[in-house]
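*Asks:* Let me give you the structure first, and then I'll get to my questions.
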Amino acid sequence: YLMELVLRRRRSNHLCTIGDLYCNGDFCVYTLEDVVRENPVLPVSEWKLHGKTAIPQGRYRITITNSKRFGRPLPLVNMVEGFEGVRIHPGNGPEDTEGCILPGMSVSPEETRVLESRFAFNKLYLLIDDALAQGDDVWLDVRNA
């Protein structure tokens, strides 16, 4: 069996990118990422600004591994070209991410923050953890606006 997460990004603003995350076709949580700077004809190293760039669109396997930085198990986005240690973790604004995906239950009116991130993270973590515990593969499909 397969759990399919689809992240549909909205257009980036000058600070970040808000997205809508679906789990097996149903809306799950909002997301906040760094600004999308992707240029598909250039290598990642040509367009990535360290700590200020969203990962390239694509399909990624999700696993849960222990994060040294956060000192706890967190979902890991695997095999992201030009990026290392991309996680899904709680956080509210662009200052809380360096290429990672921050879940939220709602979005601030100016679309520069996600709110109730811990609650959203726990909801998403349980879905991913349950799927993995049942032996399912979990995949994330990231789509630019």
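*Asks:* Can you send over the carbon and sulfur percentage of the accessible area for the chain, probe radius 1.4 Å, protein chains only?
*Replies:* 51
*Asks:* Also: For Asn13 and Phe70 in one chain, what is 0.36 nm times their gap in residues minus the Cα-Cα distance, to one decimal in nm?
*Replies:* 17.8 nm
*Asks:* Please give the calculated 222 nm ellipticity per residue for the chain, where each DSSP H segment of at least 4 residues contributes -39500 (n - 2.57) and the sum is spread over every residue; nearest 500 deg cm²/dmol?
*Replies:* Rounded to the nearest 500, it is -4500 deg cm²/dmol.
*Asks:* Still on this structure, please answer the following. The chain: D in µm²/s via Stokes-Einstein (Kirkwood Rh, Cα pairs, 25 °C, 0.890 mPa s)?
*Replies:* Roughly 163 µm²/s, to the nearest whole number.
*Asks:* To continue, here is another question. Given +1 on the Cβ of Lys and Arg, -1 on the Cβ of Asp and Glu, and no further charges, what dipole in debye does the chain carry about its Cα centre, rounded to the nearest 20?
*Replies:* 220
*Asks:* Something else now. What does the accessible area of Arg61 come to, in Å² to the nearest 10, when a probe of 1.4 Å is used?
*Replies:* 90
*Asks:* When only C-alpha pairs under 8 Å and at least 6 residues apart count, what is the relative contact order of region 10-75, in percent?
*Replies:* 20
*Asks:* Next question. Could you check what % of the DSSP bridge pairs in the chain are antiparallel, to the nearest 5?
*Replies:* Percentage antiparallel, nearest 5: 80.
*Asks:* Which whole-number value in Å² is the accessible area per residue of region 93-145, probe 1.4 Å?
*Replies:* Accessible area per residue, region 93-145: 50 Å².
*Asks:* Shifting gears a bit: So, by mean Cβ neighbours within 10 angstrom, what's the order for 99-107, 83-91, 127-135 with the highest one leading?
*Replies:* 99-107, 83-91, 127-135
The values are calculated or read from the model by the stated rules, or taken from the named source; none is laboratory data. Only a predicted model underlies this, so the values are computations on that prediction, with no experimental measurement involved. No Cβ is skipped: glycine too gets one built from the backbone with ideal geometry, and neighbour counts run over all protein chains shown. Ligands, DNA and RNA are excluded from the accessible area calculation, which covers all protein heavy atoms including side chains. Shrake-Rupley method; radii C 1.70, N 1.55, O 1.52, S 1.80 Å.
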